[in-house]
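The values are calculated or read from the model by the stated rules, or taken from the named source; none is laboratory data. Small disclaimer: the values here were computed from a predicted structure and weren't measured. Note that each Cβ is placed from the backbone with ideal geometry, even for glycine, and that neighbours are counted across all protein chains shown.
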């Protein structure tokens, strides 16, 4: 982020002078941005609904077809042979490297697979899908990141002429829990992404849960205790649908910035999800104030870059905290072209110990955040 401390202060004062009514609900019936339209087309076929349902209970915002779950009823491969012991870290790593659709057969009971290595997506495999059926937890054991996709990492194969300007590589995770991921000390792409790091390509998360993930606790621009998405110039949204980040005291994520999710030049479309009890714990903001390591913004969501969008639809963001700016959401579009939309959602009890220009939000972008049929307090 290229805003000086002086400029930040001026913008902050200007933001605080805005009429607070702009942060209340816009008239019902206002349309969502064209970048993420609701689709009236039939939903694609899908596997049987898992017993575990995550996200915002009772949310009813329609999800665009491209954000819906993938049909995994005919997988390319199955991880496990019917017992918990057969569902190993090595099997997950192998399945992710192979690409295609992978499901799990780990027995009748829920199972936790502690990863002894990070599973890495190969760039020439196209779509990689992991479906846990609502019974599988992938754990980083508080020692490592769980999943990694980087279309510019040559060790993972060539992805295109311009590794960033493509959407062929896509990671899709659904009906899974990601627990105790930890990317501390992993500084690829600036760090962050305790459970999942994605650079280039696309990410889609459906009906999944993220608990107790973490990344470096200090630094001005790294972030995303659960998810970090960086450098995506194609502007297509990364979908987070019907998913939970934290959900209860002691279950949230912790990182210097973005206690749940962080994006850099990456658009987010978050539908019917629940983000609570996440913390941005750095100190000194961005750029870092003298004598500090920097960070502390975006208790739940931290985003930065130029032209990108953030949309929050049918979601609850509550009880998150930031040491600096934006207890719920920190969003800065350096070229002032980025937009923030909050539709049919509730943001509450998201304190910022430093600065904000709306309850729980610090925003610099195109105009003001668009708030539709929502509560922000």
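Summary table below
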quantity: Options 152, 106; residue that is in a loop (DSSP other than H, G, I, E, B), farther than 23 Å from residue 67 by Cβ, touching a strand residue (DSSP E or B) at 6+ places or on another chain (Cβ under 7 Å) and modelled with pLDDT under 95; calculated: 152
quantity: Selection status of residue 355, in contact with a strand residue (DSSP E or B) (Cβ under 9 Å, 6 or more places away or on another chain), farther than 20 Å from residue 247 by Cα, modelled with pLDDT of 95 or more and buried (at least 24 other Cβ atoms within 10 Å of the Cβ); calculated: no
quantity: Subset of segment 317-334 [crowded, with 22+ Cβ neighbours inside 10 Å, in contact with a strand residue (DSSP E or B) (Cβ under 6 Å, 6 or more places away or on another chain) and assigned to a strand (DSSP E or B)]; calculated: 317, 321, 322, 325, 329, 330, 331, 332
quantity: Subset of segment 335-349 that is farther than 16 Å from residue 273 by Cα and crowded, with 22+ Cβ neighbours inside 10 Å - its residue that is nearest to the chain's Cα centre (by Cα); calculated: 340
quantity: Filter result (within 12 Å of the chain's Cα centre (by Cα), in a loop (DSSP other than H, G, I, E, B) and either free of Cβ contacts under 8 Å to residues at least 60 places away in the same chain or surrounded by fewer than 21 Cβ atoms within 10 Å (Cβ to Cβ) (or both)) within segment 269-309; calculated: 300
quantity: Residue 241 vs. criteria touching a residue at least 12 places away in the same chain (Cβ under 8 Å) and touching a helix residue (DSSP H, G or I) at 6+ places or on another chain (Cβ under 6 Å); calculated: yes
quantity: Per-region count, segment 67-100, residues more than 25 Å from the chain's Cα centre (by Cα) and in a loop (DSSP other than H, G, I, E, B); calculated: 10
quantity: Number of the exception - residue 266 against (1) closer than 22 Å to residue 342 by Cβ; (2) touching a helix residue (DSSP H, G or I) at 6+ places or on another chain (Cβ under 9 Å); (3) part of a loop (DSSP other than H, G, I, E, B); calculated: (2)
quantity: Pairs with Cβ under 7 Å, 6+ apart, first in segment 153-180 and in contact (Cβ under 8 Å) with a residue 40 or more places away in the chain and at positive phi, second buried (at least 22 other Cβ atoms within 10 Å of the Cβ) and in a loop (DSSP other than H, G, I, E, B); calculated: 175/207; 175/208; 180/140; 180/212; 180/213
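Residue-wise test of (1) in contact (Cβ under 8 Å) with a residue 24 or more places away in the chain; (2) out of contact with any strand residue (DSSP E or B) (no Cβ under 7 Å at 6 or more places or on another chain); (3) buried (at least 22 other Cβ atoms within 10 Å of the Cβ); (4) at positive phi.
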site	(1), (2), (3), (4)
52	yes, no, no, no
58	no, yes, no, yes
64	yes, yes, no, no
81	yes, yes, no, no
92	yes, no, yes, no
128	yes, no, yes, no
131	yes, no, yes, no
136	yes, no, yes, no
142	yes, no, no, yes
